[in-house]
1. Positive end of the charge dipole of the chain (Lys, Arg +1 and Asp, Glu -1 on Cβ, about the Cα centre): tell me which of M103, W69, S39 has its Cα farthest that way.
2. At 222 nm, what value in deg cm²/dmol follows for the chain if DSSP H runs of at least 4 each add -39500 (n - 2.57) and the sum is divided by all its residues, to the nearest 500?
3. If the viscosity is 0.890 mPa s and the temperature 25 °C, what translational diffusion coefficient in µm²/s does Stokes-Einstein give for the stretch 72-128 when Rh comes from Kirkwood over Cα pairs?
4. So what are the three principal axis dimensions of the stretch 34-87 from its Cα atoms, in whole Å, longest to shortest?
5. For L47, list long-range residues whose amide hydrogen, built 1.01 Å from N in the peptide plane, is under 5 Å from its own amide hydrogen.
6. Going by alpha carbons, how many degrees (0 to 90, nearest 10) lie between the helix axis of 75-84 and the longest principal axis of the chain?
7. Quick one: net charge of A60's neighbours, Cβ under 14 Å, K/R +1, D/E -1?
8. Using only the alpha-carbon atoms of the chain, report the extent along each of the three principal axes, biggest first, to the nearest angstrom.
Amino acid sequence: MVHVLSSRFLLTPTDLERSRAFYGGDLGLAVYREFRTGSGRGTVYFLGGGFLELSGSGGAPPSPAVRLWLQVADVAAAHEELSARGVEILRAPVREPWGLIEMWIADPDGTRIAVVEIPEDHPLRYRP
């Protein structure tokens, strides 16, 4: 078994500065670290229990198979805040049949992001 000490999700956006403005500005993710300059520049953001790194510049948008899942304490408040910041909401918060409340947005390259609240009565919060 591999003993994982930390994790990081890596994105190579088509426009690094536009993506930095989205993740750091629109989403308000806190910066963990920044490195290098120029085309090799990178920014690593705190992402709950992991990290999100934006670095370099890709020529094509990411695969639609790539998605992010961000858990928040209050998805209605996140919806209000992100809407006020001009973030396009792909789908407003909805309580799914599996009990989670999910809202969908996308980053500038189209990477879909689920913003999720786990309600107090959901089994994921139950500890026997």
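1. Toward the positive end, the furthest listed residue is S39.
2. -3000 deg cm²/dmol
3. In µm²/s, the coefficient rounds to 204.
4. Projected onto the principal axes, the Cα atoms of the stretch 34-87 cover 37, 25, 23 Å.
5. L52
6. 40 degrees
7. On the way: positive: none; negative: D15, D109.
Within the 14 Å Cβ shell, the charges total -2.
8. Extents along the principal axes: 48, 42, 25 Å.
The values are calculated or read from the model by the stated rules, or taken from the named source; none is laboratory data. For clarity, every value in this text was computed on a predicted model and none was experimentally measured. When we count neighbours, we look across all protein chains shown, and the Cβ atoms used for this are built from the backbone with ideal geometry, even at glycine. Heads up: the accessible areas ignore ligands, DNA and RNA and are worked out on the full protein's heavy atoms, side chains in. Shrake-Rupley method; radii C 1.70, N 1.55, O 1.52, S 1.80 Å.
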